[in-house]
Amino acid sequence: MERLPSELRPLLAAYRRLLEGRFGARLQGIRLFGSRARGDAEPDADADVAVVVAGLTDAERVDGIDLALEAWREAGPEAPLIHPLLWSDRQAADRKAAERRIALDVEHEGIPA
């Protein structure tokens with residue numbers, strides 16, 4: 001977490017803890033990407049966070065989105081909102097293999113959280 005912007009560490013630590021509680025060992029990765037990872041975010045920018053969970057279902061994706069809001073509530077109103085992007089391991093691999101722009105951005109500019 002040393003490359004993470006210091007102001008995001010409590011927020012992303014809370015999100016990780018909540019995701020680990022929900023998905024356990026199926027959680028394969030969490031990466032901050034986008035303007036906050038690049039360091040060119042506006043003050044009110046959200047935090048783009050990619051999450052990969054083995055065998056993620058649509059219902060579980062909703063759970064992961066809800067957990068992002070819960071993490072924000074824990075971190076307090078000064079924290080940016082999390083904009084989560086939840087993929088199954090298969091979806092992440094397919095998007096990367098197809099060289100989808102968003103998958104490449106997550107891989108190249110993403111910071112493990």
- Message: Could you tell me how many of the residues in the range 28-56 are of a type in the set (A, V, I, L, M, F, W, C) and either within 16 Å of D66 (Cα to Cα) or touching a Cys at 6+ places or on another chain (Cβ under 7 Å) (or both)?
- Response: 8
- Can you work out which of the residues in the range 48-82 that are more than 24 Å from R26 (Cα to Cα) and of a type outside the set (A, V, I, L, M, F, W, C) is surrounded by the most Cβ atoms within 10 Å (Cβ to Cβ)? P80
- Message: So, A54, is that one more than 13 Å from W87 (Cβ to Cβ), over 14 Å from the mean Cα position of the chain (by Cα) and modelled with pLDDT of 95 or more or not?
- Response: no
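Pick from the range 81-113 the residues that are part of a loop (DSSP other than H, G, I, E, B) and in contact with a helix residue (DSSP H, G or I) (Cβ under 7 Å, 6 or more places away or on another chain): which of them is farthest from D48 (Cα to Cα)?
A113
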- Could you say whether any residue in the range 36-47 is surrounded by 12 or more Cβ atoms within 10 Å (Cβ to Cβ) and within 14 Å of A14 (Cβ to Cβ)? yes
- Restricting the search to the range 48-73, which residues are more than 16 Å from R9 (Cα to Cα) and among the charged types (D, E, K, R)? D58, E60, R61, D63, D66
- Query: Restricting to the range 1-37, what's the tally of residues that are in a loop (DSSP other than H, G, I, E, B) and over 11 Å from P112 (Cα atoms)?
  - Reply: 2
- Task: Tell me, please, whether a residue that is out of contact with any His (no Cβ under 8 Å at 6 or more places or on another chain), assigned to a helix (DSSP H, G or I) and within 16 Å of P112 (Cα to Cα) can be found in the range 38-58.
- Result: yes
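The values are calculated or read from the model by the stated rules, or taken from the named source; none is laboratory data. Just so we're clear, the structure is a prediction, and the values are computed from it rather than from any experiment. Backbone-built Cβ (ideal geometry, glycine too); neighbour counts: all protein chains shown.
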